[in-house]
Amino acid sequence: MSETPPIEPEQTAQESAIVREGAIQEVGPLSKRLTQDGFTHEFLGVDHLGVEILKVDRTVLIPFSTALYAYGFNYLQCQAGYDAGPGQDLVSMYHILKVDNNITQPEEVRVKVFLPRENPVVPSVYWIWKTADWQERETYDMYGIIYDGHPNLKRLLMPEDWVGWPLRKDYISPDFYELQEAY
């Protein structure tokens, strides 16, 4: 396996081609624009559809998301979470589209925010995209990611008194008989 060549001091990861697994991958046009406008992020590559994937720190998620909205990304198609593995980060991800009246193929971007398990708090994007409402609640319910500023952050699928976060990889399911005795 080859190592990533060092980036020259005058270059940043955003200004150069990204080398992943031996293949050179150009930074996408949206990532370049965000960098030019001063928004800190990391280009993670593109998915199988060619959609740019950007990693953002939770402290800049709101200004970053506001910039995307100002660029015309007006529809949060999907907000979800996943567990990168026991002891690893939890991830809050956003699939955002630029939807116009006469567009046949909307422009898309995926944004990921990696959160430590011990403090999985990220600002809510509900105030930018209202479609985040129930999606953030579901992610909270299943992974325990807290969306700071969400107007109604409570469990959506599990009972309010449920202990734990069922889709975390380190979650231990209660014994069936324990559940039976509880009801």
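Any read-out appearing in this document is the output of simple, stated calculations on the displayed coordinates, not a laboratory observation. Just so it is clear, the model here is predicted, and its values are computed rather than measured. Heads up, the Cβs are rebuilt from the backbone with ideal geometry, glycines too, and the neighbour counts pull from every protein chain shown.
First measure r as the distance between the Cβ atoms of Ala67 and Thr104, then evaluate 1/(1 + (r/R0)^6) with R0 = 35 Å and state the FRET efficiency to the nearest 0.05.
Calculated value: 0.90.
Give me the one-decimal nm value for the distance between modelled label points at Asp89 and Met158, 7 Å along each residue's Cα-to-Cβ direction.
Distance between label points: 2.3 nm.
Please turn the phi angles of the range 56-70 into ³J(HN,Hα) values with the Karplus equation 6.51 cos²θ - 1.76 cosθ + 1.60 (θ = phi - 60°), one per residue in order, whole Hz, x for glycine and proline.
Taking θ as phi minus 60°, the curve returns 10, 6, 4, 6, 10, 4, 5, x, 5, 5, 5, 5, 4, 4, 5 Hz for the range 56-70.
When Rg is the radius of gyration of the Cα atoms in the range 27-171 and Rh is its Kirkwood radius, what does Rg/Rh come to?
On the way: Rg = 15.4 Å, Rh = 15.8 Å.
For the range 27-171, the value is 0.98.
Under a Cβ-Cβ cut-off of 9 Å, what is the net charge of the residues other than Asp89 that fall near it, where Lys and Arg count +1 and Asp and Glu count -1?
0
How high is the relative contact order of the range 27-171, given as a whole-number percent (alpha carbon pairs under 8 Å, six or more residues apart)?
Relative contact order, the range 27-171: 20 percent.
Determine the sum of side-chain charges near Lys154: Lys and Arg each +1, Asp and Glu each -1, restricted to other residues whose C-beta is under 10 angstrom from that of Lys154.
0
What ranking, highest mean first, results for peptides 124-133, 99-108, 65-74, 41-50 when packing means the other Cβ atoms within 10 Å averaged over each residue?
Details: 124-133: 19.1, 99-108: 10.4, 65-74: 17.2, 41-50: 13.8.
Averaged packing, sorted descending, gives the order 124-133, 65-74, 41-50, 99-108.
Give, in nm to one decimal, the length gained when the segment between Gln36 and Leu49 is fully stretched (0.36 nm per residue of separation minus the Cα-Cα distance).
2.2 nm
Leu167 versus Trp134, label points 7 Å from Cα toward the beta carbon: distance in nm?
Distance between the two pseudo-spin positions: 1.5 nm.
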